[in-house]
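J.: Here it is, the structure, as structure tokens.
Each reported figure results from applying straightforward, stated rules to the coordinates on display, with no laboratory input. Values in this document were obtained by computation on a predicted structure and should not be read as measured data. All Cβ positions, glycine included, derive from the backbone under ideal geometry; neighbour counts span all protein chains shown.
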Amino acid sequence: MFFLEILTTYFSFVLPLLLAVAFFTLYERTILASLQRRQGPNIVGFYGLFQALADGLKLFVKESIRPQSANSFIFLLSPIFTFALAVSAWAVFPRCNGSRLVDLRLSVLYIFAISSLSVHSIIIAGWSSNSKYAFLGGLRSAAQIISYEVTLGSLLISILLRTGSLNFSNVVERQKKCLT
């Protein structure tokens with residue numbers, strides 16, 4: 001029963017998020033096509049609404065390229081783990097109606113923990129390919145992400161010091177008070 005409730009809540013959050021990404025991609029491609037004076041995605045279906053589905057279908061039927069010496073299980077699990085971490089980070093952000101999946105008192109620390117775990121999955125992806133070049137590329141990407149995290153952390157610290165809370169809901173409430 002509890003698992004079904006969590007699953008329902010998760011999919012009620014993930015599906016609209018994925019649909020929003022698909023439509024924003026369609027919108028971006030339409031604008032870029034008009035800027036470049038070429039046909040855009042508006043020729044696939046009604047106003048291009050099937051373009052996102054066509055792109056998804058193309059992604060699933062493409063040939064999977066996997067190095068021969070790679071650890072197949074970890075090599076395939078790493079992107080799934082990265083996606084799951086990216087989606088689970090959205091659980092603590094309040095939505096426009098004030099609801100959220102989880103209300104943590106330390107939601108900022110949760111975001112930092114999730115983002116640091118995603119760095120590990122990128123390193124593991126490079127390592128599991130059993131190639132020194134892919135591993136070095138994974139380490140380079142991890143270094144870039146860590147440098148972005150340091151910048152994001154310093155920006156968030158200034159906001160947290162101003163609001164006096166590590167909870168995103170309290171930060172949003174404080175911003176509402178500042179705007180009125």
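J.: Specify which residue in the list 135, 120, 31 is farthest towards the positive end of the charge dipole of region 21-180, using unit charges on the beta carbon of Lys, Arg (+1) and Asp, Glu (-1), about the Cα centre.
T.: Of the candidates, 31 comes out farthest on the positive side.
J.: Assuming a ≥ b ≥ c are the square roots of the Cα gyration tensor eigenvalues, decide whether the chain counts as rounded (a/c under 1.5), prolate (otherwise, with a/b larger than b/c) or oblate.
T.: oblate
J.: Calculate for the chain the 222 nm mean residue ellipticity that helices alone would give, adding -39,500 (n - 2.57) per DSSP H run of length 4 or more and normalising by residue count, nearest 500 deg cm²/dmol.
T.: -24500 deg cm²/dmol
J.: What list do you get for 127, 90 if you sort them by fewest beta carbons within 10 Å?
T.: With the fewest neighbours first, 127, 90 line up as 90, 127.
J.: Determine ³J(HN,Hα), in whole Hz, for all residues of region 60-66 in sequence, where each value follows from phi through the Karplus function 6.51 cos²θ - 1.76 cosθ + 1.60 and θ = phi - 60°; x replaces Gly and Pro.
T.: 6, 9, 5, 5, 7, 9, 9
J.: Which whole-Hz ³J(HN,Hα) couplings does region 162-170 yield from phi under the Karplus relation 6.51 cos²θ - 1.76 cosθ + 1.60, θ = phi - 60°, glycine and proline marked x?
T.: These are the phi-based 3J(HN,Hα) values: 5, 8, x, 8, 9, 9, 5, 5, 5 Hz.
J.: May I pose another question? Per residue of region 48-55, what does 6.51 cos²θ - 1.76 cosθ + 1.60 with θ = phi - 60° give for ³J(HN,Hα)? Whole Hz please, x for Gly and Pro, Karplus curve as stated.
T.: Along region 48-55, the couplings run x, 5, 8, 5, 5, 5, 5, 5 Hz.
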